[in-house]
Amino acid sequence: MRPEPIRVLVWNEYRHERDDPRVRALYPQGIHGALADYLRRQGFAVNTATLDEPEHGLNEAVLAATDVLIWWGHVAHHEVQDAIVARVHRHVLNGMGLIVLHSAHHAKIFRALLGTRCDLKWRDIGERERIWVVAPHHPIAEGLDESFTIEHEEMYGEFFDVPPPETLVFISWFQGGEVFRSGCCYTRGRGKIFYFRPGHETYPTYHHPQVLRVIANAVRWAAPTSGPLPTFGHHPSPPEPL
Ligand code: ZN
């Protein structure tokens, strides 16, 4: 058992909720506010940060006090400063967990960590999505049934241009016939990364109990562990006597 609650930072570009009354009606406190409320009720220590704050709310002290960063972005990926992306990147390599949601597949930080275009095909006509668990042993699938449905969502279809996930936890099927690798685990350095597909801003997806359960499970999975710190570079003293 960890002695302290996992420290979560929910980051959101927070534009649709201010610009679009439909989105504001679903998320009056923003997507970050809805996720933070839920995660606090699960016992996590949660803060939020948004794009328009100084340094996007991601200064060194904030990141140093974060175990798991959750990222939602869509229309303003290009406004995220490269220096801040580099800072987040360094924290992930040093062990901070990162959960990348929905349209944050195009976030600079996700593309930098994965090294591919992270592009996909999409269509938004409110199709039904059925999410299948394909790694039932995995902690991110804890407490779920074999599959669950979201009545209305945007479609994301293959090919999803990401490196093959180290563990694929979910595959989505959409009413129109496409499929998508919708729950992808990676490690980079000491950090764990989970991409989770659902969450288009005009649907109440972040009020869906199974979707929220997956995000909470992913926070627990992505939290840093107390394994050994790696040493790099010239190492003149061998561990065995010569
Ligand atoms: Zn979307």
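Going from the fewest other Cβ atoms within 10 Å to the most, the residues H137, H91 appear in the order H137, H91. Rounded to the nearest 20, the Cβ-based charge dipole of the range 7-51 about its Cα centre (Lys and Arg +1, Asp and Glu -1) stands at 140 debye.
Across the alpha-carbon set of the range 107-155, the Rg to Rh ratio works out to 1.08, Rh being the Kirkwood radius. Put in line by how crowded their Cβ is, counting other Cβ atoms within 10 Å and starting with the fewest, K121, K108, K192 read K121, K108, K192. Near E79: Cβ cut-off under 13 Å, other residues only, Lys/Arg at +1 and Asp/Glu at -1. The net charge is -3.
Charge dipole (Cα centre; +1 on Lys/Arg Cβ, -1 on Asp/Glu Cβ; no other charges) of the range 24-70 amounts to roughly 320 debye. Centroid-to-centroid, using Cα positions, the range 4-54 and the range 85-110 are 17 Å apart. Note on the range 158-241: Rg/Rh from Cα positions, Kirkwood definition for Rh, rounded to two decimals, is 1.17.
Determine how many Å³ per residue the convex hull of the Cα atoms of the chain encloses.
Expressed per residue, the convex hull around the Cα atoms of the chain is 149 Å³.
Once the piece of chain linking R123 and D19 is laid out straight, how much longer is it, given 0.36 nm per residue of separation minus the C-alpha distance between them?
Length difference between fully extended and current span is 35.3 nm.
For S147 and A83, a Förster radius of 41 Å and the Cβ-Cβ distance give a FRET efficiency of 0.45, rounded to the nearest 0.05.
Every number in this text was worked out from the coordinates using simple rules, so none of it is lab data. Owing to the predicted nature of the structure, the values given are computational and were not obtained by experimental measurement. Note that each Cβ is placed from the backbone with ideal geometry, even for glycine, and that neighbours are counted across all protein chains shown.
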